[in-house]
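The values are calculated or read from the model by the stated rules, or taken from the named source; none is laboratory data. None of the values given here were measured: they were computed from a predicted structure. Methodologically, a virtual Cβ is constructed for each residue, glycine included, from the backbone with ideal geometry; neighbour enumeration extends over all protein chains shown. These accessible areas exclude ligands, DNA and RNA; they are computed on the full protein's heavy atoms, side chains included. Shrake-Rupley method; radii C 1.70, N 1.55, O 1.52, S 1.80 Å.
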Amino acid sequence: MNGDEAAFRELVTTYRHHLFQTIYAIVRHAKDAEDLSQDVWTRIYFSLPQYQMKGLKTWMTRIAVNRAIDFKRSASRRKEEMTAEMGEPIQSSGTHRYFEHGVEHEVMLNETTELVRKKLHQIPANYHEVLTAYYIHHHSYQDIANAHGVTVKTVESKLYRAKQWLRNNWKEEEFL
């Protein structure tokens, strides 16, 4: 495919939806998934010379997954930095990062935090444990399985059912 734009267009047409869905499953925001899709296709185009002719769809999906994960990590760091800035003591100049964000932002952040706390208590206990271990403490499936004395397959199943429960019981609009 070296430089063959028609072939690349065909590749995009064939796999566009798959890569978008892959990215969306990770970032959970359509606009971000669209932006990341464009970035992924650019990366794929420029990486094609290094492609080793083994599992094209898998190779492209791996690029998309890695980019989406990088994006999520970056977004998470930005949130942590913002939260840390809001907790800083007042500077000697008398200005505080808190005031840059405004009182309205602080109130909305507090309301959202409280809503998440309430919602977390609604999650059934068996789902709460596995969600917390995987998403908050970043334990592997194997670590969770060892800690709970179950198989990795059981952990996968619990995580799947927990995510289904969240989709069915939480509405994204409540958090916006």
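For the reader, a short list of remarks on this structure follows.
- Probe 1.4 Å, all protein chains present, accessible-area order of K54, K158, K118, K72, largest first: K54, K118, K72, K158
- Dipole size of the stretch 6-76 about its Cα centre, with +1 on Lys/Arg Cβ and -1 on Asp/Glu Cβ: approximately 200 debye, rounded to the nearest 20.
- Pairwise FRET efficiency - Y135 versus R43, Cβ, R0 = 22 Å, nearest 0.05: 0.25
- V65 accessible area, 1.4 Å probe, all protein chains in place, Å² to nearest 10: 20
- Residues W170 and S74, FRET efficiency given R0 of 35 Å [Cβ-Cβ distance, rounded to 0.05]: 0.90
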